[in-house]
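The values are calculated or read from the model by the stated rules, or taken from the named source; none is laboratory data. From a predicted model like this one, the values you see are computed outputs, not experimental measurements. Note that each Cβ is placed from the backbone with ideal geometry, even for glycine, and that neighbours are counted across all protein chains shown. These accessible areas exclude ligands, DNA and RNA; they are computed on the full protein's heavy atoms, side chains included. Shrake-Rupley method; radii C 1.70, N 1.55, O 1.52, S 1.80 Å.
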Amino acid sequence: NNIKVIFGMEGYLMEEQLEGESSQTSSGSFFHIILLARNRTGLKNLYKLVTYSHLRYFYRRPRIPKSVLNKHREGLILGSACEAGELIRAIIRGATDEEIKEIASYYDYLEIQPTGNNMFLVRRGDVKDIGDLERINCRIVNLGKELGIPVVATGDVHFLDPEDEVFRRILMA
């Protein structure tokens with residue numbers, strides 16, 4: 001039916017503080033990341049990462065250590081994700097330009113979302129106002145141009161019809 005399926009997922013990328021293949025208990029911060037399979041190799045690596053994250057590195061959620069992702073990155077397209085991603089969190093916390101460029105360079109594409117999706121950051125006091133949200137998006141667009149990385153506008157949509165919201169809550173539980 002002229003539909004091309006792109007297999008992928010949103011994952012939890014873990015910055016390891018303790019190294020080791022069996023580091024189920026290693027601590028570290030985690031960020032959202034988007035993983036898309038570019039080809040069959042990427043699909044196999046995606047399946048491996050899903051398996052490892054659930055069987056070896058699960059702690060409250062299926063985490064993917066960055067070192068493990070780096071070993072299985074072939075054939076995958078990595079996206080910087082939403083406000084819970086490493087890039088936007090770094091911008092909000094006031095990271096240096098060099099650090100932000102280094103973080104952005106890790107990804108194959110950078111993501112921005114409508115300001116309405118991130119208004120909770122204003123309500124929570126993480127950013128001052130809607131102007132700050134617009135400046136974050138503009139900064140990411142300019143960063144993409146500077147580094148030659150595509151920028152993708154997404155909607156972070158979890159369901160189509162309002163009555164389907166209950167199913168998302170069930171899945172998340």
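Some points to look at:
- The number of residues in region 123-152 being in a loop (DSSP other than H, G, I, E, B) and under 18 Å from Arg89 (Cβ atoms) comes to 5.
- Residues in region 108-122 that are surrounded by 12 or more Cβ atoms within 10 Å (Cβ to Cβ), in a helix (DSSP H, G or I) and under 19 Å from the mean Cα position of the chain (by Cα): Thr115, Asn117, Asn118, Met119, Leu121.
- Total residues in region 131-146, condition surrounded by 14 or more Cβ atoms within 10 Å (Cβ to Cβ) and either in contact with a His (Cβ under 8 Å, 6 or more places away or on another chain) or without any contact (Cβ under 8 Å) to a residue 24 or more places away in the chain (or both): 3
Rundown of residues vs (1) at pLDDT below 95; (2) of a type outside the set (A, V, I, L, M, F, W, C), yes/no style:
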| residue | (1), (2) |
| --- | --- |
| Glu19 | yes, yes |
| Ser22 | yes, yes |
| Ser26 | yes, yes |
| His32 | no, yes |
| Leu35 | no, no |
| Gly42 | no, yes |
| Asn45 | no, yes |
| Leu55 | no, no |
| Arg60 | yes, yes |
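- Residues in region 153-173 that are farther than 18 Å from Ile77 by Cα, among the charged types (D, E, K, R) and either under 16 Å from the mean Cα position of the chain (by Cα) or in a loop (DSSP other than H, G, I, E, B) (or both): Asp161 alone.
- Residues (open to solvent by 70 Å² or more (accessible area, probe 1.4 Å) and free of Cβ contacts under 8 Å to residues at least 12 places away in the same chain) located in region 49-81: His54, Leu55, Arg60, Asn70, Lys71
- Residue check for Ala90: within 24 Å of Glu15 (Cα to Cα) and of a type in the set (Gly, Ala, Ser): yes
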